[in-house]
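The values are calculated or read from the model by the stated rules, or taken from the named source; none is laboratory data. Predicted, not measured: the structure shown is a model, and the values here were computed from it. Cβ coordinates were reconstructed from backbone atoms using ideal geometry, including for glycine residues, and neighbour counts include every protein chain displayed.
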C-alpha cells in the first residue's frame, strides 16, 4: 500500500494476456505456472490480445501511477492495484550524458537509463513486481528465486513488505553487499557452494518437489510473467524521450532476457501505434564481461551454438554461464543490425569510474560493463557516433564496492588545522 | 538535464525569497552568501514574500516535475529549470507500514517516508540541490562541504553531473561505503584526523580564506539556502497524504536542522492555506543515538543549555556533538508537545532489522535510530498510539553494512544437490 499520490485507481483496465506461447514451436498453453513447452521443451512467453494492446493510449499511460504500473495495460499482471505485490519500482531517471558522450566520442545525444534508482537499487524490482503479482494471483504463498544477488535482494524485500514467506538461493561467494541486503529482510537465504548455473539447476529440481508446491520461483516456474517486467524499461525510455525511440541501445546481458524484452517493448510500441520507429529502425547492442561472454562469442563466431562457460571475474550479477535467452538475444542483435562486445575486469573498473565522473551515477560492476562496452563499440566503429543512444545502468555501485575500493579514496589526509591544510596544498 | 517527462517548464515562477533573517534578533540582510548575523552572530534563515507564498496553489505544485522542484515556488532557488544544479531528488515513497505499527504498538496509520530513494540515497540530495543552485546563482564555481558522509556523497555526485569542481571534507574514520561512494566521482576528498565537529570548524576557517573565495561550502557560507531544502520533506508528506498533515512525526537529529525545517514546512502550508492543521495540531519528536544525544539530554533536563559531546557509536551520520540547530529543535518539540529520545547501538541494529523485516526498507544506522526511538516513544507513552504518525528514514543501509553484517547472513549453506537440500531441512 502506498500513498494516494502514487497510486491512482486503474482497476478497470483489463488484463491483456491471452496465453503462454512457445518461443520455439509456437504452441499455446493456458495462462498458468508453466515455463517450458510440453511439445518441444522450448521456453514460453506471454501472448497478448492484440486488440487490447492496440486500445492503449498515451493519455491512459500518463494518467497512471509514477511507476511501472502505468504500463499495466501492456503487462500480464497488476491491473488491479489492490492485488499487486510490489515495491512500486520504475520511472527511474533518464539522464542526459553529454560529458560521457564527449569522452567516448559520440556526438549525438547520449542518455543513461539509471535503474539503480529502483527500491532495491536494481532493475530486478521490475521483474519481481510483475512475477510476484502474477504468482499471488496463481495461488502461490511462498516466493523464491535463483539469483546472482540483485534478484535475491528484490524478492526478499518484496516478501517483507507484503508480510509473505520467501526463500532465495544464491552462490555462496557473492559480494557482502548482496548477502547482507538480502538477509536483513528476515526470509530464508540459502547459500549454495557452486556457480549461479548450479544454483539455477537445483532450484529447477526443487520447483518440481511436493514440498515446494506452494512456492513460486520467479525466474523458473513463473518465468514468462517475470520476463515481461523488463519490457517496462523499454516503455519508459520511449515515454521519457517524448514518445520516441532511440536509434541505439546498449544493454548488459546475463541470461540475455533483458535485451530481448527491451527490443520486444519497442516492437510492441510501434505495432500498437504509440511511437513511430526511427527512420532506419533501432539497433540493439549487448554487453558482457570477458569472464562470462558466451553470447558475444557466439555472435563473433557467426554461430547459433552458445557454448556454456564457467564464469569468472568481478561482474558477478552478469555471471550466467549457460544463458537461457542467449539465442533470442543473438536474434535481436542480428535482426536490428547491432553488435555485442565484452570487456575485462580492468575495463569494467574504468567504466564504473568513467560513468561516475561524467554523470554522477555510481553503478555496480554490470554498469561498468555497459559503459566500457559503449566506449569499445564507438572505438571499433560498430556504434554510430552520430545516432542517438541509450545505455542501461541496471544496478548500484554500493553493492559492489570492492570493485573500486582499492582504486579510489581520499585525495588528501590532514589534521584539523589551517596550517595542516596549507601544508597539504589545499590552499594553493 | 533530464528527460522531458521529468522537467516541465515552470520558469515563469518568481523567486519568493525576500531576505536573510536572523533567527536570534530578527535583523535582516540582503540575499547573499552569509550565514551569521552581523548584529548578534545568530544564524540566518530565509525570509519570504508572504504574498508570493500565499499565491501558490495545489494545482501549480501538481503540474510541476516529479521531484523537489515542484515546490520551487516555496524555495529560495531553482525557479528557472535551466539554472538548476541538481540530481532532481525528491518525491520519495511514503510507505504505509501496518506491520511495523503492529509490532511497536500503534493502532493509527503509520507511514515511513523513505528518503533512501533519492539519487545518492539520502535526504542530503534535497539540501544540496537547493544549496548548489543558489550558490551557482551567487557566482560560486567550486562546491564544498563538511560532512559525516552522506553530504559528501551528494556534493561530489552533484558536481560530477554538472562538470564542476568539488572538495569535500570528512572525518577519516568514516564507513567505507561513504568514502568510496564519494571518491568515485573524482573530486577532491579530504579526510580529516578528527571528529565531524573538528571538520566543521576547519571548513569554517577555510571558507574565510582568499583561496576559497570561489568556493561554496553548502552547510557553511550558503547554509540558509541549504537548510531550506529540507522543507521539501515536509511538503511531500503533506501532498502524499492528500494535502493533510500527520499528527505526529519522528525525525532523526544530527544538527537538529531537519526537524526544524519539517516543522517550518508544516507551519508554512497552514499559513498559506494549502492544508488544514490536525484538530490538535502536530507533534514533533526527535531521535538521537546514545553516543551523541546532546539535544535530547537538554530536553530531558529541562534546559536550553546544550552541552557539546564527543560522539561515539555506530550512527555516524548523526554524530554532530555540537549541533548548530539544537536550540531550534528544542523549541519546535516543546511548542508542539512532542518529545526526544535516544537509543544505544544494539537498539539501533534492532531498529534496522525491524524496519527491513516489516516494510522492505533497508535503512542506514540513522533509520535504525529513528525506528528504535519510535518503539521507545510508544512504550513510554510519549507517542500517542492512536494518532497518525510518519517516521523519516533519511539514508540507505548499503552505506552502513557493517552495522548489521555480523548479525545477518545465510540461513542455510548447502551443496548444489537435492540430497544436500533435504539434509539441510529445506524439504521439510
Some residue of the range B:195-217 being within 11 Å of chain A (Cβ to nearest Cβ), out of contact with any strand residue (DSSP E or B) (no Cβ under 8 Å at 6 or more places or on another chain), farther than 30 Å from residue B:273 by Cα and buried (at least 23 other Cβ atoms within 10 Å of the Cβ): no
Condition broken by residue A:126, with the remaining ones in (1) within 14 Å of another protein chain (Cβ to nearest Cβ); (2) touching a helix residue (DSSP H, G or I) at 6+ places or on another chain (Cβ under 7 Å); (3) crowded, with 24+ Cβ neighbours inside 10 Å satisfied: (1)
Within the range A:412-428, tally of residues that are facing chain B (nearest Cβ under 10 Å), surrounded by fewer than 23 Cβ atoms within 10 Å (Cβ to Cβ) and in a helix (DSSP H, G or I): 3
Residue match in the range B:216-239 (condition: more than 22 Å from residue B:22 (Cβ to Cβ) and in a loop (DSSP other than H, G, I, E, B)): no
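Of the residues in the range B:89-113, how many are in a loop (DSSP other than H, G, I, E, B), under 22 Å from the mean Cα position of the chain (by Cα) and either farther than 22 Å from residue A:67 by Cα or more than 7 Å from chain A (Cβ to nearest Cβ) (or both)? If you could, list the steps in order and put the result at the bottom.
The first filter runs over the range B:89-113 and keeps only residues in a loop (DSSP other than H, G, I, E, B), leaving B:89-93, B:97, B:105-109.
Filter once more, so that each one left must be under 22 Å from the mean Cα position of the chain (by Cα): B:89-93, B:97.
Now narrow it down to the ones that are either farther than 22 Å from residue A:67 by Cα or more than 7 Å from chain A (Cβ to nearest Cβ) (or both): B:89-92, B:97.
Of the residues in that region, 5 qualify.
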Search result, residues across the range B:167-189 that are under 14 Å from residue A:356 (Cα atoms) and more than 7 Å from chain A (Cβ to nearest Cβ): B:182, B:187
Single condition residue A:102 does not satisfy, out of (1) surrounded by fewer than 24 Cβ atoms within 10 Å (Cβ to Cβ); (2) in contact with a strand residue (DSSP E or B) (Cβ under 8 Å, 6 or more places away or on another chain); (3) not assigned by TED's automatic domain parsing to the domain that holds residue A:204: (2)
Residues located in the range A:362-385, provided they are within 18 Å of residue A:99 (Cβ to Cβ) and either within 16 Å of the chain's Cα centre (by Cα) or surrounded by fewer than 21 Cβ atoms within 10 Å (Cβ to Cβ) (or both): A:363, A:367, A:368, A:370, A:371, A:378, A:379, A:385
Of the criteria (1) in contact with a helix residue (DSSP H, G or I) (Cβ under 8 Å, 6 or more places away or on another chain); (2) in a loop (DSSP other than H, G, I, E, B), which one residue B:341 fails: (2)
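Quick grid of which residues meet (1) farther than 24 Å from residue A:292 by Cβ; (2) surrounded by fewer than 21 Cβ atoms within 10 Å (Cβ to Cβ):
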site	(1), (2)
A:75	yes, no
A:80	yes, yes
A:97	yes, no
A:114	no, no
A:130	yes, no
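Evaluate the following for residue B:163: is it at positive phi, touching a helix residue (DSSP H, G or I) at 6+ places or on another chain (Cβ under 9 Å) and modelled with pLDDT of 95 or more? Steps first, answer last, please.
Numbers: at positive phi: yes; touching a helix residue (DSSP H, G or I) at 6+ places or on another chain (Cβ under 9 Å): yes; modelled with pLDDT of 95 or more: yes.
It is true that residue B:163 is at positive phi, touching a helix residue (DSSP H, G or I) at 6+ places or on another chain (Cβ under 9 Å) and modelled with pLDDT of 95 or more.
Residues to consider are A:61, A:46; find the one that is in contact (Cβ under 8 Å) with a residue 12 or more places away in the chain, in contact with a strand residue (DSSP E or B) (Cβ under 6 Å, 6 or more places away or on another chain) and not in a loop (DSSP other than H, G, I, E, B).
Result: A:46 is the single residue among A:61, A:46 that is in contact (Cβ under 8 Å) with a residue 12 or more places away in the chain, in contact with a strand residue (DSSP E or B) (Cβ under 6 Å, 6 or more places away or on another chain) and not in a loop (DSSP other than H, G, I, E, B).
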Any chance residue B:308 is surrounded by fewer than 19 Cβ atoms within 10 Å (Cβ to Cβ) and modelled with pLDDT of 95 or more: yes
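Go through A:409, A:386, A:367 for me and flag whichever is within 14 Å of another protein chain (Cβ to nearest Cβ) and in a loop (DSSP other than H, G, I, E, B).
Details: A:386 fails: within 14 Å of another protein chain (Cβ to nearest Cβ); A:367 fails: in a loop (DSSP other than H, G, I, E, B).
The unique qualifying residue is A:409.
Which ones in the range B:268-292 are in a helix (DSSP H, G or I) and in contact with a helix residue (DSSP H, G or I) (Cβ under 9 Å, 6 or more places away or on another chain)? Lay out the reasoning, then the answer.
Within the range B:268-292, the subset in a helix (DSSP H, G or I) is B:268-271.
If the condition is that a residue be in a helix (DSSP H, G or I) and in contact with a helix residue (DSSP H, G or I) (Cβ under 9 Å, 6 or more places away or on another chain), then B:268, B:269, B:271 are the ones that fit.
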Tally of residues being in a loop (DSSP other than H, G, I, E, B), crowded, with 24+ Cβ neighbours inside 10 Å and over 18 Å from the mean Cα position of the chain (by Cα) across the range B:141-173: 0
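Those residues that are assigned to a helix (DSSP H, G or I) and surrounded by 17 or more Cβ atoms within 10 Å (Cβ to Cβ), I need them from the range B:389-406; list them, please. Even if it seems obvious, please write down each step before you answer.
From the range B:389-406, those assigned to a helix (DSSP H, G or I) are B:397-400, B:402-405; that's our starting set.
Within the range B:389-406, B:397, B:398, B:399, B:400, B:403, B:404 qualify.
Between A:306, A:295, which is assigned to a helix (DSSP H, G or I), in contact with a helix residue (DSSP H, G or I) (Cβ under 7 Å, 6 or more places away or on another chain) and without any contact (Cβ under 8 Å) to a residue 60 or more places away in the chain? Steps first, please.
Details: A:306 fails: assigned to a helix (DSSP H, G or I).
Answer to the selection: A:295.
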